[in-house]
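Read the figures in this text as sums done on the coordinates, not as results from a lab. Owing to the predicted nature of the structure, the values given are computational and were not obtained by experimental measurement. Cβ placement follows ideal geometry from the backbone for every residue including glycine, while neighbour counts extend to all protein chains displayed.
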Amino acid sequence: MSCSTETATPLSLDLRQIPPYERHPLIFGSFERLGAGAALELINDHDPLPLRQQFEARWPGQYDWNYLECGPALWRVRIARAGTAKSCCGCCGG
């Protein structure tokens, strides 16, 4: 794991005051609304590794995950939608 020095993000979600059961639906909905190349920044009090595993299961190859700050008290993660838009099976070019 390495931390990036990149800081520019269009959307920031501070998860520390959001009830745990609301966090992942909020993050997933926010990510789904991102256009290609757009990003969101998560601010949390722990490493969101389980969230990353869920991203890999839901959107393999469709996101970039970069740690901006790596704890121990504060974690910041930039999640960007990959530069290419989502497509269907590919047979129609969509």
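Pairing residues of the range 56-68 that are closer than 14 Å to I27 by Cα and free of Cβ contacts under 8 Å to residues at least 24 places away in the same chain with residues that are surrounded by 13 or more Cβ atoms within 10 Å (Cβ to Cβ) and of a type in the set (V, I, T), at Cβ distances under 6 Å and at least 6 apart in sequence or on separate chains, gives W65/I79.
Within the range 9-29, can you find the residues that are under 19 Å from F55 (Cα atoms), of a type in the set (A, V, I, L, M) and either exposed (fewer than 10 other Cβ atoms within 10 Å of the Cβ) or touching a helix residue (DSSP H, G or I) at 6+ places or on another chain (Cβ under 7 Å) (or both)?
Those that are under 19 Å from F55 (Cα atoms), of a type in the set (A, V, I, L, M) and either exposed (fewer than 10 other Cβ atoms within 10 Å of the Cβ) or touching a helix residue (DSSP H, G or I) at 6+ places or on another chain (Cβ under 7 Å) (or both): L11, L13, L15, I27.
Residues in the range 66-87 that are under 11 Å from the mean Cα position of the chain (by Cα) and surrounded by 15 or more Cβ atoms within 10 Å (Cβ to Cβ): N66, Y67, R76, V77, R78, I79, A80, R81.
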